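Asker: The following block contains the structure, expressed as structure tokens.
The values are calculated or read from the model by the stated rules, or taken from the named source; none is laboratory data. Note that the structure is predicted; figures quoted are calculated from it, not measured. Note that we place each Cβ from the backbone using ideal geometry, even for glycine, and neighbour counts take in every protein chain shown.
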Amino acid sequence: MGSTVAQGPDEPGLELVDVSKTFGGLTAVSSASLTLRPGTVHGLIGPNGAGKSTLIGIASGFIKPSSGQVRLAGRDISTLDPTRVAQLGLARTFQQATPITGLTVLENVMVGMHLHYRSGIAAVLFRTPSMRREAREREAAARSMLENFELGADADTDAADLPFGKLRFLEIARAVVMQPRLLLLDEPAAGLNAIETERLAAIIRVQAAQGTGILLVDHDVPFVFSLCDHVTVMNFGSVIASGKPDDVYRDAAVREAYLGDETAEETAA
Amino acid sequence: MRELRLSAMEVATLLVIAAIVVWAALFGSRLALYDLTIIALYATVVTSLNLLLGLAGQASFAQTTFMAIGGYGLAVMAKTYGVNPWLAIALSLLLSVGLALLIGKPLLRLRGHYLSMGTVALALGTASFANASSFTNGGWGIGGVPALTIGGFSFRNSVAFLVLAWALCAASLLVYRLLGDSHIGRAWRALSTRQDISASLGIDVPRYKLIALVIAAMMASLAGSLYVAYTRFVGPDLYDISQVINLMFMLFVGGLRSTVGPIIGAAFVILVPQAVSGFEHYQNLVFFGLLLLVILLRPAGAFGRVRGQRALESILPSWLLRWR
């Protein structure tokens with residue numbers, strides 16, 4: 001989808017320009033700017049309530065910004081709904097793992113391929129050869145994706161019955177099969193054990209190497225810093241620092257606002 | 001996929017149903033032919049509901065509206081204006097599609113109980129209009145609807161009509177299965193539980209709901225037309241609120257998202273009252289007692305695939321289920 005837009009290393013990717021969002025009297029995001037380029041991993045950290053998830057909501061069309069602009073590959077998408085934004089090549093996951101219950105694990109992933117299906121209603125009703133071939137090929141692709149995510153054995157389980165860690169991977173698999181140019185991950189490592197976190201890191205690296213721009217929101221500071229090409233720090237709805245991980249880590253404002261607590265000092269040391 | 005795969009039990013049931021229909025066509029009494037024809041037509045409407053509510057999760061109580069367009073459309077055009085009955089059925093079908101497209105967008109923006117209320121209002125409005133308008137001949141209804149014919153052959157023959165009705169039913173079941181077992185059906189099932197996630201995956205939620213409504217409207221309209229073509233009469237009672245409730249009974253007794261369920265449900269709701277007619281004044285009591293029993297013993301319906309109580313929860317208020 002959206003292949004008409006320029007692609008390549010110079011592609012602007014996702015740009016949030018002076019984006020603000022107020023809910024009633026509460027300012028969730030205050031003129032925040034952020035650029036996510038294809039093929040890079042961009043960390044977004046900040047304390048609870050800093051506005052990180054709101055920013056993902058704004059970028060993916062779920063929340064309309066009060067002011068500012070959201071651009072995808074140079075095009076203003078501030079007023080588009082989530083469906084259109086997804087069709088333009090932006091995928092997201094949610095902070096709460098969100099299986100589509102009533103569908104199997106395999107079907108959850110296949111729903112993620114929805115945009116790539118070419119068969120129309122008539123082809124489906126007449127079971128044309130090309131429709132059947134497409135259905136077979138997509139199912140095979142979904143199964144191999146499940147194998148990559150070590151979910152192969154769970155293919156036919158109802159997604160509602162999956163344990164927590166696997167749900168996280170299912171959700172990421174469902175977003176990855178969309179073959180998005182930009183992938184926004186909202187706390188994907190939350191609740192994962194060390195082995196699972198390492199697998200997640202490997203997946204993120206592979207996706208970035210294949211050209212996907214990844215926005216990684218997480219609380220696990222060492223995890224984020226170890227993966228990212230670029231880190232943005234938010235506090236109270238504002239961006240307080242943005243740059244290369246090392247530079248951000250040395251930033252005094254960041255240390256005070258966020259890394260200043262003892263645990264962060266220890267883990268980062 | 002998993003939910004749509006026919007179980008051995010369902011295949012066996014389909015074969016038994018087919019055998020009963022063939023037997024009735026060869027040796028059946030007039031009553032057997034009548035009952036089986038009506039069951040086929042109602043099963044078609046219930047299948048439309050199974051697609052709309054079962055697959056796409058849109059609790060519509062307005063399928064009687066599209067049946068009424070099919071029924072009255074045929075009667076008014078063929079009887080009052082002398083249009084060829086087949087053409088009248090086709091034009092009614094177009095009318096139903098037109099109405100579905102017109103009301104679909106605003107109506108399907110409503111969710112849950114609000115959608116139920118909106119569609120109940122539409123069903124009530126349909127019955128009131130049919131009852132009050134001179135166009136539909138009010139409470140008298142329209143009798144003497146011309147019979148369907150092909151060349152010299154007339155569908156007055158009840159065996160021929162039985163075949164026609166079951167052909168429509170089989171076609172609807174086929175459409176239900178083919179769509180259900182595809183990426184389109186998967187999108188419906190996804191948005192039936194999580195609209196937000198479906199949208200984030202690029203599924204155009206309003207459009208898919210509208211497609212479901214239009215297809216369901218077509219099934220209900222055709223079944224409504226054939227019903228009137230069969231009984232040669234149309235009146236407001238056919239589309240009153242008790243009919244809406246009967247359709248829901250049929251769907252839930254048969255089981256949400258089950259392919260053969262609509263036939264079983266329609267047969268139960270049509271045949272059981274006849275079977276218990278010996279109870280005279282207590283007939284309704286016995287029927288609803290049996291209905292309650294079925295629902296309690298099999299909350300997901302005879303062939304239901306929706307796990308646990310989800311089927312019931314999607315439509316009944318929670319306080320009603322809590323005592324279980």
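Asker: Among the residues of segment A:70-95, which ones are facing chain B (nearest Cβ under 7 Å) and of a type in the set (Val, Ile, Thr)?
Answerer: Answer for segment A:70-95, where residues must be facing chain B (nearest Cβ under 7 Å) and of a type in the set (Val, Ile, Thr): just A:83.
Asker: Quick one: would you say residue A:98 is assigned to a helix (DSSP H, G or I), within 14 Å of chain B (Cβ to nearest Cβ) and buried (at least 18 other Cβ atoms within 10 Å of the Cβ)? Walk me through how you get there before you give the answer.
Answerer: Numbers: assigned to a helix (DSSP H, G or I): no; within 14 Å of chain B (Cβ to nearest Cβ): yes; buried (at least 18 other Cβ atoms within 10 Å of the Cβ): yes.
Criteria not met by residue A:98.
Asker: Please find, among B:216, B:229, the residue that is closer than 20 Å to residue B:101 by Cβ, crowded, with 24+ Cβ neighbours inside 10 Å and away from chain A (no Cβ under 12 Å).
Answerer: B:216
Asker: Let me ask something else about it. Which one of B:203, B:241 is surrounded by 23 or more Cβ atoms within 10 Å (Cβ to Cβ) and of a type in the set (Val, Ile, Thr)? Can you show your working first?
Answerer: Details: B:241 fails: surrounded by 23 or more Cβ atoms within 10 Å (Cβ to Cβ).
Selected residue: B:203, the only one of B:203, B:241 that is surrounded by 23 or more Cβ atoms within 10 Å (Cβ to Cβ) and of a type in the set (Val, Ile, Thr).
Asker: Let me ask something else about it. Residue A:83: touching a helix residue (DSSP H, G or I) at 6+ places or on another chain (Cβ under 7 Å) and part of a loop (DSSP other than H, G, I, E, B), yes or no? Quick ask: steps written out before the conclusion?
Answerer: Details: touching a helix residue (DSSP H, G or I) at 6+ places or on another chain (Cβ under 7 Å): yes; part of a loop (DSSP other than H, G, I, E, B): no.
The answer is no for residue A:83.
Asker: In a helix (DSSP H, G or I), within 12 Å of chain A (Cβ to nearest Cβ), in contact with a Leu (Cβ under 8 Å, 6 or more places away or on another chain) and surrounded by 16 or more Cβ atoms within 10 Å (Cβ to Cβ), is that true of residue B:221? Walk me through how you get there before you give the answer.
Answerer: On the way: in a helix (DSSP H, G or I): yes; within 12 Å of chain A (Cβ to nearest Cβ): no; in contact with a Leu (Cβ under 8 Å, 6 or more places away or on another chain): yes; surrounded by 16 or more Cβ atoms within 10 Å (Cβ to Cβ): yes.
It is false that residue B:221 is in a helix (DSSP H, G or I), within 12 Å of chain A (Cβ to nearest Cβ), in contact with a Leu (Cβ under 8 Å, 6 or more places away or on another chain) and surrounded by 16 or more Cβ atoms within 10 Å (Cβ to Cβ).
Table: residues versus (1) in contact (Cβ under 8 Å) with a residue 60 or more places away in the chain; (2) within 12 Å of another protein chain (Cβ to nearest Cβ).
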position: A:116; (1), (2): yes, yes
position: A:120; (1), (2): no, yes
position: A:125; (1), (2): no, yes
position: A:138; (1), (2): no, yes
position: A:184; (1), (2): yes, yes
position: A:195; (1), (2): no, no
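Asker: Now a separate question. Looking only at segment A:45-84, which residues are buried (at least 23 other Cβ atoms within 10 Å of the Cβ), closer than 25 Å to residue A:24 by Cα, aliphatic (A, V, I, L, M) and modelled with pLDDT of 95 or more?
Answerer: Answer for segment A:45-84, where residues must be buried (at least 23 other Cβ atoms within 10 Å of the Cβ), closer than 25 Å to residue A:24 by Cα, aliphatic (A, V, I, L, M) and modelled with pLDDT of 95 or more: A:55, A:58, A:59, A:70.
Asker: So, one more: Looking at segment B:32-87, which of its residues are buried (at least 24 other Cβ atoms within 10 Å of the Cβ), among the aromatic types (Phe, Trp, Tyr) and at pLDDT 95 or above?
Answerer: Within segment B:32-87, B:42, B:66, B:72 meet the criteria.
Asker: Considering segment B:172-195 alone, what residues qualify as being more than 7 Å from chain A (Cβ to nearest Cβ) and assigned to a helix (DSSP H, G or I)? Reasoning before the result, please.
Answerer: Start the filter on segment B:172-195 by keeping residues that are more than 7 Å from chain A (Cβ to nearest Cβ), which leaves B:172-174, B:176-177, B:180-181, B:185, B:188, B:191-192, B:195.
B:172, B:173, B:174, B:176, B:177, B:180, B:185, B:188, B:191, B:192, B:195, listed by residue number.
Asker: Residue B:162: out of contact with any His (no Cβ under 8 Å at 6 or more places or on another chain), within 14 Å of chain A (Cβ to nearest Cβ) and modelled with pLDDT of 95 or more, yes or no?
Answerer: Working: out of contact with any His (no Cβ under 8 Å at 6 or more places or on another chain): yes; within 14 Å of chain A (Cβ to nearest Cβ): no; modelled with pLDDT of 95 or more: yes.
Criteria not met by residue B:162.
Asker: Return yes or no: is residue B:130 more than 9 Å from every other protein chain (Cβ to nearest Cβ) and of a type in the set (A, V, I, L, M, F, W, C)?
Answerer: So residue B:130 passes the test.
Asker: May I pose another question? Would you mind stating whether residue B:200 is in contact with a strand residue (DSSP E or B) (Cβ under 9 Å, 6 or more places away or on another chain), within 14 Å of another protein chain (Cβ to nearest Cβ) and not charged (D, E, K, R)? Working first, answer last.
Answerer: Numbers: in contact with a strand residue (DSSP E or B) (Cβ under 9 Å, 6 or more places away or on another chain): yes; within 14 Å of another protein chain (Cβ to nearest Cβ): yes; not charged (D, E, K, R): yes.
Criteria met by residue B:200.
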